[in-house]
Amino acid sequence: MQLRYQFRLYPTPGQQQSLARAFGCARVVFNDALRARQEAHAAGLPYVSDGELSKRVITQAKKTGERAWLGEVSAVVLQQALADLSTAYRNFFASVSGKRNGRKVAPPRFRSRKDRRQAIRFTRNARFTVTKSGRLRLPKIGDVRVRWSRDLPSAPSSVTVIKDAAGRYFASFVVETADEPLPEVAAEVGIDLGLTHFAVLSDGRKITSPRFLRRAERRLRKAQQALSRKQKGSANRRKAVAKVARLHARVADARRDHHHKLSTRLIRDNQAVYVEDLAVNGLARTRLAKSVHDAGWSTFVGMLEYKAKRHGRTFAKVDRWFPSSKLCSACGAVAESMPLSVRVWACPCGTVHDRDINAADNILAAGRAERQNACGGTVSPGRLAEGRTR
């Protein structure tokens, strides 16, 4: 399995200038190549191949006075910018033809120099190395100081140098990792994701929603008000923009840390994990949009999925149309309606349900129902609550 390991970089002022030059050259090559293909399409000419594009916007461009400075950066960085454009076009064509699932992909668009997030990629043939002193040696940039939080499990196949909107630098290594199966355990869990509680587990536990964005709203509001009063193009406005970006980065880092810790704990303690396949894109267009984005369900579910695969656990998503909230986990009866305001409800069979715990129970049962038990039958989604202790 390929994973990314990301570490903080601390380039010197001179190295920051070299990185800025590399970011700019990669952006120019990408835009020149995109413009060449757009002009060829508008003129009714054949699609410009990758090889022809490389010769035109890199090899020949370096010999001109307008683009001679492209030779000041590693050629691999420029080639990877073209690779990014080719990937964007392939995804667009696959989306248009229906070969790509999910949301429609837009055609590639020009990269802006005003974008505060920049990135370049070095592959193995660029000969980047990690020195004995622990610095990252990048061609035509130098040895950059890295804050290592752990060792790389194998030699990286590529490294992406990222400058985020807050002005921080990161090195993102792509490495090949071996599976690390965990000892088998008997426990299995169904997870009902929500806003009042971030996650409610089928064993009765409720994980409080941290609401990182909501907690930072006051500081963000003050910083954004201060930004709105700054004159466009001024140095003070650039400082205010950076301050807002740092506050947002702090929120994102805290949310990511929470997701990693919770997902690791759930995968470690359970042999199988089941979640509901939520329509996050639809929920993000409702009045709950800010809370939905603050929760970060998609990122959390993605972490559960890849960690389960790596550690030999079972992970599955239950269909989003499954009536997990309205279904009685004791008798299997389905209530006619269940408004969001109803948090506790009684089934005609006499069982009183906590809405969220009942939904988690049903998600667990539905996940189990898709797997065969040791006798070759299927697990029934009803009668799950019998004999379960909370």
Is the shape of the range 47-149 best called rounded, prolate or oblate, per the rule: a/c under 1.5 gives rounded, else a/b larger than b/c gives prolate, else oblate, with a ≥ b ≥ c the square roots of the Cα gyration tensor eigenvalues?
oblate
Quote the charge dipole size of the range 189-317 about the Cα centre in Debye, to the nearest 20; the model charges only the Cβ of Lys and Arg (+1) and of Asp and Glu (-1).
1240
What FRET efficiency comes out for LEU340 versus GLU39 if R0 is 56 angstrom and r is the Cβ-Cβ distance? Round to the nearest 0.05.
0.60
Counting other Cβ atoms within 10 Å of each Cβ, which chymotrypsin sites (Phe, Trp or Tyr not before Pro) in the range 201-306 have at most 15 and sit in a DSSP loop?
none
Just going by the charge dipole of the chain, with Lys and Arg at +1 and Asp and Glu at -1 on Cβ, which of SER158, CYS347, GLY14 is farthest out on the positive end?
GLY14
Given contacts defined as C-alpha pairs under 8 Å and at least six residues apart, what's the relative contact order of the chain, whole-number percent?
15
Nearest-20 debye value, the range 123-208 charge dipole, Cβ charges on Lys, Arg, Asp, Glu:
1000
Proxy exposure order for LYS222, LYS163 (fewest C-beta within 10 Å first) is LYS222, LYS163
Sum of -39500 (n - 2.57) over DSSP H runs of 4+, divided by residues of the chain (222 nm, nearest 500):
-12500 deg cm²/dmol
Reduced to Cα centres, the span from the range 293-312 to the range 317-357 in Å works out to 26
So what is log10(I(q)/I(0)) for the range 146-262 at q = 0.11, 0.15, 0.16 1/Å, when the Debye sum runs over its Cα atoms only?
-0.65, -0.98, -1.02
Per 5 angstrom bin, beginning at 0 and ending with the bin that holds the maximum distance, the Cα pairs of the range 189-317 fall in percents of 2, 10, 17, 18, 16, 12, 9, 6, 5, 3, 2, 0
Can you give the Rg/Rh ratio of the chain, where Rg is from the C-alpha atoms and Rh is the Kirkwood radius?
1.04
Ranking request for peptides 179-187, 347-355: highest mean number of other beta-carbon atoms within 10 Å first, then the rest in descending order.
347-355, 179-187
Integer Hz, Karplus 6.51/-1.76/1.60 couplings in order for the range 20-28, x for Gly and Pro:
4, 5, 5, 4, x, 5, 5, 5, 5
Fewest-first ranking of CYS331, CYS25, using other Cβ atoms within 10 Å as the exposure measure
CYS331, CYS25
Electrostatic dipole magnitude of the range 2-176 [Cβ: Lys, Arg +1; Asp, Glu -1; Cα centre; debye, to 20]
420
Which of ILE207, ALA240, GLN271 sits closest to the plus end of the dipole of the range 189-317, meaning its Cα is farthest towards the positive end, when Lys and Arg get +1 and Asp and Glu get -1 on the C-beta?
ALA240
Which listed residue (PHE92, GLY296, CYS25) has the Cα farthest towards the positive end of the charge dipole for the chain, taking +1 on Lys and Arg C-beta and -1 on Asp and Glu C-beta about the Cα centre?
CYS25
Report the Cα centroid-to-centroid distance between the range 1-21 and the range 222-236 in angstrom, as an integer.
28
Sort the range 211-257 into rounded, prolate or oblate with this rule: let a ≥ b ≥ c be the square roots of the eigenvalues of the Cα gyration tensor; rounded if a/c is under 1.5, and if a/c is not under 1.5, prolate when a/b is larger than b/c, oblate otherwise.
oblate
Quick check: the distance between the Cα centres of the range 203-220 and the range 53-129, to the nearest angstrom?
38
Say we join alpha carbon atoms closer than 10 Å with springs in a Gaussian network model of the chain; which of SER74, SER329, SER228 then has the biggest fluctuation?
SER228
Stokes-Einstein diffusion coefficient for the range 2-176 at 25 °C in a medium of 0.890 mPa s, Rh from the Kirkwood formula over Cα pairs: what value in µm²/s?
140
How would you classify the range 17-64 from its alpha-carbon gyration tensor, with a ≥ b ≥ c the square roots of the eigenvalues: rounded for a/c under 1.5, else prolate if a/b is greater than b/c, otherwise oblate?
prolate
Can you sort SER337, SER234 by how many other beta carbons sit within 10 Å, fewest first?
SER337, SER234
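Each reported figure results from applying straightforward, stated rules to the coordinates on display, with no laboratory input. On a predicted model such as this, the values are computed, not experimentally measured, just so you know. Cβ sites come from the backbone with ideal geometry, for glycine too, and all protein chains shown count toward neighbours.
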